[in-house]
Amino acid sequence: MVLKQEQEEYHKEGIEWQNIEYFNNQVICDLVEQAHKGMIAIMDEACLNVGKVTDEVARRSKVSLNERKSKVS
């Protein structure tokens, strides 16, 4: 997202710039950072529940991530 913003800013300011094509990785960022569903949120919850995390909790988290990942593909 930073590269996109910088390229837009350069264009607005009339700065000579060779545009760079790139993959929009927002879906990856969402997979990692999304509140309550992202990988970081799942790890935070597991850390808060040390000793309470079971194989079932891990399985549900994996299923949730796989469902979201399939939407990215």
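The values are calculated or read from the model by the stated rules, or taken from the named source; none is laboratory data. What you see is a predicted model; the values in this text were computed from it and never measured. Cβ coordinates were reconstructed from backbone atoms using ideal geometry, including for glycine residues, and neighbour counts include every protein chain displayed.
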**OP:** Determine whether CYS47 is out of contact with any Leu (no Cβ under 7 Å at 6 or more places or on another chain), at pLDDT 80 or above, surrounded by fewer than 10 Cβ atoms within 10 Å (Cβ to Cβ) and closer than 19 Å to SER64 by Cα.
**Re:** yes
Subject >> Single condition GLU67 does not satisfy, out of (1) more than 27 Å from LEU3 (Cβ to Cβ); (2) modelled with pLDDT of 80 or more >> reply: (2)
Subject >> Qualifying positions in the stretch 1-18 - loosely packed, with under 12 Cβ neighbours inside 10 Å and modelled with pLDDT of 85 or more >> reply: GLN5, GLU8, GLU9, HIS11, LYS12, GLU13, GLY14, ILE15, GLU16, GLN18
